[in-house]
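Single-structure report; data block below.
The values are calculated or read from the model by the stated rules, or taken from the named source; none is laboratory data. A quick note: this is a predicted structure, and the numbers were derived from the prediction, not measured. Please note: Cβ atoms are built from the backbone with ideal geometry, for glycine as well, and neighbour counts cover all protein chains shown. Ligands, DNA and RNA are stripped out before the accessible areas are found, and what is left, the full protein with its side chains, is counted by its heavy atoms. Shrake-Rupley method; radii C 1.70, N 1.55, O 1.52, S 1.80 Å.
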Amino acid sequence: MKRVNKLSINHLLESLRIVYRSSPKWTLINTIITIIRGCIPLLLLYVVKELIDVVTNHINTINNNPQHLYYIIGATALFFLLNAISGSVSSLVRERQSHFVNDYVQNIIHKKTINIDYKYFEDANYQDTFYRALNDANFRPARVFYGILQLAQNSLTLLLILIILSNIHWAMIPVLIISGAPIFYFRIAHTRKIYQYRKQHTEDERRVHYFNRLLTAKDFAKELRVFNLGETFKREYEYFKHDLRDKQWTLSKSKTLYEVAVQVLATIILLLIIGYVVQQTVEGHISSGSMAMYFLALQRAYAVLQGLLSSLSSLYEDNLFLQNFIEFNNISIEKSIANQLFPNPIKTTIEIKNVSFKYPNTNKWVLKNISLTIPKGKTVALVGRNGCGKTSLVKLLAGLHQPNEGQITVDNINWHHIASSEISKNISVIFQDFMLYNVSAANNIRFGNMRRKDENGIIQEAAQKAGIHELFSNLPEGFDTTLGTLFKGSQMLSRGEWQRTALARSFYNTDAQIIILDEPTSSLDAFTEAKLIAHFKEITRNKTAIIVSHRLSTIKLADIVVVMENSGIAEVGAPDELLKQRGVYFSMLESLK
Ligand SMILES: Nc1ncnc2c1ncn2[C@@H]1O[C@H](COP(=O)(O)OP(=O)(O)OP(=O)(O)O)[C@@H](O)[C@H]1O
């Protein structure tokens, strides 16, 4: 329990820190307005009492000077106006502050998603954390702050009103507080249940989200039609959605039931107090103005008490849910120890030494005790059946994952100790599932090396090498034409044209000493492939190249062929040597004929 309280206070402080850092100026303005708004109800009560008493005196007294009455009416109008204006100004200030808090939190999230280890993106547990954090991060910190402000405002108002009400009878204060306690208790218990529920069902919520995307997003629209999958996906979506909704409905029903019960209790107490005040007035112990003030004060006290309890339980809720964001924010960025430079130029070899690897939170070894020497400047082809581990090895070489056992070195420097900026500078990688960016053709290529200041026609050169130059030159706005289908006036490309664009992106990084191409020609037509192959030696001059391919034409480019099988290496050698051995490579080529 102590630990939970400590955690909650830490979360509360963390939220306040986030809100304050997002904009100290607006935090201060917001606080001042809240204090003013906390005092206004009391002033209103006071002027209403004065007004009634002055009017009563005025009626009972002949030839009375009406000036005092005008002052009181003026003051009443002024406070009502101040109340209304401060309400509007307060909403405006809160809206402005939410912008700052939102920007601040988004900035934290983006920094984290950019710098976090890639392994988290391939881990289902992380997806849950990420989903929950994104759901809550945008509004919870600001709500915690508003909750505290609201709490302060309501507490101030309640305290002042309770002082007035204690004039009726000292027991007013404990009675009012006791009447609000059950509702507070039940709200807290309900919040806890909701939180547990959300935590347990994050994966189901993601599943609902996923089926919704299958039904609505462009990426899936083609297959949904040709395989007539609409109804199937809709059924799945509805099944999970209804299941979640039913559980939520049960929780909400029990909450409402408890709330009605405690509201009835509170109303009975209120009626008893009103009866007591009426009796006191009839017996002449208090004036009509005071009676009106007490009634208003009672009504106000109940409203404020409700508000206070609701702020407290919301605060508890926001604080609880903020754990999600803090849990996400606590995922550590593990790359800090890697600060070595990549050898430039590479003097000797890249060594893969007894490397074994399995994906995070899985038990299957996808690479098992792999050892391989890649001399600088050579072209290596990784070949083998589907699922034998080629792309996984590429991911290790790209620095996206670390081996569980063994190490990869370049000139005897451990890959793991090289700074990530050095890896991306010296290694240019195009994956099988390369990205399609809905930006200009030029930027699609430029993304291959954002460090480059002076382009000097290198974009054009990279496009030439990838065989996409002519196509881009003939687009309506040439290389400035936006690609894709997301934005108006864009130009959609074919799969092969996208692949050529991805290749151009890779060739644009002329600083890279190693070029890794995973299935680079899978979507290319025979002519484009032939051209690429013809120029391959020139493209990879002075570079070490690693190509993953199932295509014979591409494999033939290699100085060294590595045949992978069952998560290991079955054969390594020059293509001709391997053919002579009549082993796996030989059988593979035979089956391609
Ligand atoms: N993100 C992942 N999480 C868990 N396991 C994975 C992941 N990606 C791949 N695997 C597993 O790793 C094994 C090797 O996959 P990999 O993509 O490296 O094969 P590959 O040789 O490149 O196959 P292909 O020729 O089909 O591209 C597969 O059997 C797969 O089950």
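Here the contact order of the stretch 15-117, divided by its residue count and restricted to Cα pairs under 8 Å and six or more residues apart, works out to 46 percent.
The long axis of helix 172-200 is offset from the longest Cα principal axis of the chain by roughly 10 degrees.
Our helix-only sum for the chain, with -39,500 (n - 2.57) per DSSP H run of n ≥ 4 divided by its residues, gives a mean residue ellipticity at 222 nm of -21500 deg cm²/dmol. At the residue level, residue 118 shows approximately 70 square angstrom of accessible surface with a 1.4 angstrom probe and all protein chains present. Reported to the nearest whole Å, the Cα centre-to-centre distance from the stretch 382-412 to the stretch 264-297 is 80. Under a 5 Å amide H cut-off, with hydrogens placed 1.01 Å from N, residue 561 pairs with 381, 573, 574 among residues at least 5 apart or on other chains.
For the chain, the relative contact order comes to 14 percent (Cα pairs under 8 Å, sequence separation of at least 6).
Distance between the C-alpha centres of the stretch 529-576 and the stretch 132-197: 68 Å, rounded to the whole angstrom.
Kindly flag which residue pairs out of 390/488; 119/465; 453/543; 218/531; 193/222; 218/241 have an alpha-carbon separation exceeding 30 Å in this structure.
Numbers: 390/488 39 Å; 119/465 33 Å; 453/543 22 Å; 218/531 33 Å; 193/222 41 Å; 218/241 22 Å.
Cα-Cα > 30 Å for 390/488; 119/465; 218/531; 193/222; rest within.
Sequence-ordered 3J(HN,Hα) estimates for the stretch 464-477 from the Karplus curve with 6.51, -1.76 and 1.60 and θ = phi - 60° stand at 4, 4, 8, x, 10, 4, 4, 4, 5, 5, 8, 5, x, 10 Hz, glycine and proline given as x. Relative to the longest principal axis of the Cα atoms of the chain, the long axis of helix 495-508 makes an angle of roughly 80 degrees. The figure for residue 155 is an accessible area of roughly 50 square angstrom, using a 1.4 Å probe on the protein chains alone. Accessible surface for the chain, divided over its residues, is 53 Å² per residue with a 1.4 Å probe. If you line up the long axis of helix 124-137 against the longest principal axis of the chain, both from Cα atoms, how many degrees apart are they, to the nearest 10? The helix 124-137 is inclined about 40 degrees to the chain. Residue separation of residue 99 and residue 435 scaled by 0.36 nm, minus their Cα-Cα distance, works out to 117.8 nm of gained length.
At a threshold of 8 angstrom on Cα-Cα distance, excluding pairs fewer than six apart, so keeping six or more, what relative contact order does the stretch 435-512 reach in percent? Write out the running numbers ahead of the final one.
Details: 102 pairs, mean separation 36.5, N = 78.
It rounds to 47 percent for the stretch 435-512.
Ordered by 1.4 Å accessible area with all protein chains kept, 120, 46 run largest first as 46, 120.
The simple Förster model, with R0 at 25 Å and r as the Cβ-Cβ distance, assigns residue 196 and residue 28 a FRET efficiency of 0.10.
Considering only protein heavy atoms and a 1.4 Å probe, what is the carbon-and-sulfur percentage of the accessible area of the stretch 441-504? Present the calculation step by step, with values, prior to reporting the outcome.
Values: 1570 of 3300 Å².
Ligands and nucleic acids excluded, carbon and sulfur give 48 percent.
The order of 249, 365 by accessible area, most exposed first and with a 1.4 Å probe, is 249, 365. Protection proxy ranking, highest mean first, for peptides 384-391, 562-569: 562-569, 384-391, where packing is the per-residue count of other beta-carbon atoms within 10 Å, averaged.
The share of accessible area on the stretch 81-199 that comes from carbon and sulfur is 65 percent, using a 1.4 angstrom probe. For the pair residue 580 and residue 407, a Förster radius of 25 Å applied to the C-beta separation gives a FRET efficiency near 0.15, rounded to the nearest 0.05. For the chain, the orientation-averaged shadow of the C-alpha convex hull comes to 38.5 nm² (one quarter of the hull surface).
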